[in-house]
Each structure stands twice: as structure tokens, then as C-alpha cells.
Amino acid sequence: MKKVFISGISGQDGAWLAKLLIQKGYKVYGGVRDKNKFLRWRLEYLDIIDSIHFMNFDLENAKSVETCIQEIQPDEFYNLAAQSSVAASYNSPVETSLVDGISVLYILEAIKKFSPHTKLFQASSSEIFGNSNETMQNENTPIKPANPYGVAKSYAHWMTVNYRESYGLYSVSGILYSHESELRSEDFFSRKVTVHVANWHHGNKKILEVGNLDIEKDWGYAKEFVDGMYLSLQSEKPEDYIFATGTKTKIKNFIEHSYGVINVNLTWQGENENLKAYDEKTGELVLLINPNFYRPTEIKSSYGDPTKAKTKLNWNTNLDYKKICEIMVQCDIDRISHAKTN
């Protein structure tokens with residue numbers, strides 16, 4: 001039986017990946033800061049929590065990382081744990097650099113010393129490209145991060161490449177574009193929107209406050225993205241891959257379609273910071289712009305070319321942002337209904 005270690009197993013990607021690997025017959029170990037106290041709801045939602053072996057794991061502590069890798073000797077290691085908020089990285093650049101950057105060096109060193117057969121998947125990010133001059137980014141696009149999160153991820157990306165080329169480790173950097181699901185945290189924009197929509201459906205009509213609506217994102221479904229992570233470690237040789245849908249849409253469209261799921265059509269009035277959205281039928285104010293949500297450096301368009309992953313790994317995405325909106329909104333509606341009856 002193959003052994004796998006997943007850091008960040010209680011997060012969105014970690015939970016989906018754990019379910020996939022359990023189904024494939026892996027013995028799954030999950031790294032959490034405190035195995036007696038961690039977010040359990042995603043693993044319970046997927047009904048897999050009793051199939052996972054949890055271990056205390058602190059990314060910021062090199063000894064903790066070494067102990068887990070030396071003890072388990074995993075066949076595969078998926079590093080999905082991170083300080084994953086771009087906005088938070090501006091307020092906590094040092095913490096972001098440690099958790100998203102230096103910690104990956106701890107993992108690579110521990111694998112090199114104690115478990116060189118271990119295959120590593122490092123969750124990289126489209127944020128490493130910043131405001132790229134290329135309309136559609138690929139694996140050869142120059143790295144030019146535009147925020148502390150992207151800088152930290154860039155460090156981790158290059159370290160993953162360096163240990164592969166210098167020491168022959170099987171280390172893969174998967175450059176992930178935006179990927180959402182019903183397991184996304186409410187701290188993220190996509191889930192913030194769908195929770196607001198679900199609450200509106202249930203009569204709790206709070207106004208949604210957002211930042212720049214003209215930002216373009218390449219949105220995929222997280223459950224499909226973890227398939228790509230798995231496939232990248234089954235290839236004959238380690239390489240870096242972009243995981244994206246190859247399509248993009250404005251944040252404004254994501255919001256409109258999410259409200260459309262509950263048959264609320266939006267009409268827009270005003271411009272720039274004075275832009276507002278109203279319910280077309282009732283005239284109620286639904287959305288307004290809050291400049292506090294603008295970032296110091298905005299990435300205007302994030303758009304990935306998944307050709308390499310599709311060609312070499314036979315990886316595919318099937319769900320577009322509209323279907324993802326529908327899944328997330330309906331799930332949040334059901335959650336609120338369930339909470340009301342319990």
C-alpha cells in the first residue's frame with residue numbers, strides 16, 4: 001500500500017485530494033498543527049475523516065517537518081498548506097514568507113536527507129506571474145510577482161526546481177490558477193459571494209461589498225484540479241505544470257451568475273467607486289463598491305494555458321465558472337436550510 005502525506009489536509013484542496021487518494025487505495029497521512037484541534041468540517045462532509053492518520057505538523061518548524069518525513073517515509077508528499085490569502089500577505093509579509101516560502105525548503109531538505117524516494121508536489125500559484133506581459137501564461141512565462149504572497153510562492157517554486165535539478169529529487173511545482181468549490185473557505189471572494197447569495201435567498205438581505213469588478217480570473221473546479229496534482233506525480237519524470245481552464249471571466253460575471261442561480265437579475269448604476277447593483281425586480285440594493293477591498297497592486301488578468309498538462313498528463317477540466325457558481329450557491333443554500341432545522 002502506498003503512503004502519502006498531505007500538508008493542509010483540512011483545507012479545500014487537501015480534503016478533495018485525500019478523498020481521491022483514499023479511493024485509490026493509499027494510506028493517507030494528514031499534517032495538522034494540532035491533531036486534537038483542527039478544522040474537521042470538510043473531511044466530515046466528504047465522509048473520510050476516519051480514514052486519515054493525523055500527525056502534528058508545523059510548517060514553520062524544520063524539526064517538525066523532518067520528524068514526519070523521517071517517520072512516515074511517504075511515497076508521495078503533497079504540500080498544500082499555506083498562508084493562502086493575497087490580501088493577508090500585505091499585512092503579514094514575514095509570516096507569509098516563512099509559511100509559503102522557507103517552509104518548502106524545510107520539506108525539500110528533509111526529503112533529500114531522510115526519504116529521497118519521496119515524490120513531492122508543491123502547490124505553486126498563478127500569482128508568481130504578477131501582471132504578466134503575456135496574455136496567456138504558460139510554464140515558460142517569466143516570473144514577476146506583484147505581492148508578498150506571489151514573492152513567497154516564487155521562492156518555493158524555484159527551490160522546488162533547484163532540488164530537482166541539483167539533487168535529482170522527484171519534485172513538481174504545480175502552478176495553480178483560481179479553483180473553487182463548495183469546500184472553499186468564506187475568507188475567499190468566491191465563497192463570500194455564494195454565501196451572500198444563499199443568505200439573500202433565505203431572506204437575509206445584507207448588501208455585498210466588493211472591490212474591483214473588472215479583474216479577470218481563470219476559474220476552475222478544485223475537485224478537478226486535485227486530479228491534476230495526482231497525475232503530475234505519476235508521470236515518468238518530474239516536470240512543472242500549469243493547471244488552469246484556459247478561459248477567463250470578470251469578477252462581475254461571477255457575481256451576476258451567482259445571483260442568477262436564485263433568479264435575481266442585477267441592474268447596474270453608476271461608475272467606478274460609485275457603481276452599485278440592484279435587484280431588477282424589487283429595486284433593492286444588492287451590491288456596492290468598497291475601496292477598502294482594493295489591493296495595493298492589482299493583477300488585472302490571470303489566464304493560464306493548460307496545454308502541457310492536458311497533453312502530457314491527459315488532464316482535463318469539464319466545469320466552467322457558471323457550473324461552479326451553481327454548485328456553490330446551491331450547497332450554501334442547503335447548508336443554511338440545514339442549520340435552520342437543527
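Exactly one residue out of G14, G25 is out of contact with any helix residue (DSSP H, G or I) (no Cβ under 7 Å at 6 or more places or on another chain) and either of a type in the set (D, E) or on the phi > 0 side of the Ramachandran plot (or both), and it is G25.
As a summary of the residue check, V286 satisfies the conditions (1) under 24 Å from the mean Cα position of the chain (by Cα); (2) crowded, with 17+ Cβ neighbours inside 10 Å except for the one numbered (1).
Looking at N147, N133, just one residue is under 18 Å from the mean Cα position of the chain (by Cα), on the phi < 0 side of the Ramachandran plot and modelled with pLDDT under 95, and that residue is N147.
Within segment 144-157, residues that are outside the structural domain of F129 (by TED's automatic domain parsing) have Cβ atoms under 6 Å from residues that are assigned to a loop (DSSP other than H, G, I, E, B) and of a type in the set (V, I, T) in no pair, counting only partners at least 6 apart in sequence or on another chain.
A count restricted to segment 194-231 and to residues that are more than 17 Å from the chain's Cα centre (by Cα) and either closer than 20 Å to T247 by Cβ or assigned by TED's automatic domain parsing to the domain that holds A309 (or both) stands at 5. Among residues of segment 212-241 being surrounded by 18 or more Cβ atoms within 10 Å (Cβ to Cβ) and among the small types (G, A, S), the one that is farthest from T311 (Cα to Cα) is A222. With respect to E71, determine if the residue is farther than 25 Å from F243 by Cα, in contact (Cβ under 8 Å) with a residue 40 or more places away in the chain and charged (D, E, K, R). No, not satisfied. Of the residues making up segment 12-52, those that are among the acidic types (D, E) and surrounded by 12 or more Cβ atoms within 10 Å (Cβ to Cβ) number 2. Of all the criteria given as (1) in a helix (DSSP H, G or I); (2) under 15 Å from I262 (Cα atoms), the one not satisfied by F225 is (2). Taking each residue of segment 28-39 that is assigned by TED's automatic domain parsing to the domain that holds D75 and looking for partners that are at pLDDT below 85 and surrounded by 22 or more Cβ atoms within 10 Å (Cβ to Cβ) with beta-carbon atoms closer than 7 Å, six or more apart or interchain, yields nothing. Inclusion of L313 among residues that are more than 17 Å from S190 (Cβ to Cβ), touching a Gly at 6+ places or on another chain (Cβ under 8 Å) and either in contact (Cβ under 8 Å) with a residue 12 or more places away in the chain or surrounded by fewer than 13 Cβ atoms within 10 Å (Cβ to Cβ) (or both) is warranted. Here A15 passes the criteria (1) in a strand (DSSP E or B); (2) touching a residue at least 40 places away in the same chain (Cβ under 8 Å) except the one numbered (1). Whether a residue is crowded, with 20+ Cβ neighbours inside 10 Å, under 23 Å from A88 (Cβ atoms), touching a residue at least 24 places away in the same chain (Cβ under 8 Å) and not charged (D, E, K, R) was assessed, and I128 passes this test.
The values are calculated or read from the model by the stated rules, or taken from the named source; none is laboratory data. Quick caveat: nothing in here was measured; it's all calculated off a predicted structure. Cβ coordinates were reconstructed from backbone atoms using ideal geometry, including for glycine residues, and neighbour counts include every protein chain displayed.
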